[in-house]
1. What are the pairs with Cβ atoms under 9 angstrom where one residue, in segment 4-26, is under 14 Å from V37 (Cα atoms) and part of a helix (DSSP H, G or I) and the other, located anywhere, is open to solvent by 100 Å² or more (accessible area, probe 1.4 Å) and of a type outside the set (S, T, N, Q)? Sequence gap at least six, or different chains.
2. Yes or no: R44 exposed (fewer than 13 other Cβ atoms within 10 Å of the Cβ) and modelled with pLDDT of 90 or more?
3. Against the conditions (1) open to solvent by less than 80 Å² (accessible area, probe 1.4 Å); (2) modelled with pLDDT of 85 or more, where does D52 fall short? Just the number, please.
4. Counting just the residues of segment 23-34 that are open to solvent by 70 Å² or more (accessible area, probe 1.4 Å) and within 20 Å of F13 (Cα to Cα), which one comes out modelled with the lowest pLDDT?
Amino acid sequence: AADKIRSQNKINFPWLVEQKERGVTRLLDVASLPRVVLISQQGRILFNGSPDDPGFGKALRRIVPSMPGLGK
């Protein structure tokens, strides 16, 4: 089902579809949805939380300072 949605919406960025065991949910302590986890190329967690959290925008600005639409 996830591959169908990905194809229909022409999503070309990597995403994770979790297995039934929910190992990633437990590892990242996911307690609510939607959830955004930004992970650096070195494997460091830069943000783990709700996309509504102001910290999400701050984390994105650290990665891409000129990203439009992020405000201050």
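1. V24/L16
2. On the way: exposed (fewer than 13 other Cβ atoms within 10 Å of the Cβ): yes; modelled with pLDDT of 90 or more: yes.
Answer is yes for this residue.
3. Going through (1) open to solvent by less than 80 Å² (accessible area, probe 1.4 Å); (2) modelled with pLDDT of 85 or more one by one, D52 breaks only (1).
4. Residues of segment 23-34 open to solvent by 70 Å² or more (accessible area, probe 1.4 Å): 26-27, 29, 31, 33-34.
From what is left, the residues that are within 20 Å of F13 (Cα to Cα) are 33-34.
Details: L33: 85, P34: 88.
This residue is L33.
The values are calculated or read from the model by the stated rules, or taken from the named source; none is laboratory data. Note that the coordinates shown come from a computational prediction; the quantities given were computed from them, not determined experimentally. Cβ: placed from backbone, ideal geometry, glycine included. Neighbour counts: every protein chain shown. Areas reflect the complete protein model, heavy atoms only, side chains present, ligands, DNA and RNA absent. Shrake-Rupley method; radii C 1.70, N 1.55, O 1.52, S 1.80 Å.
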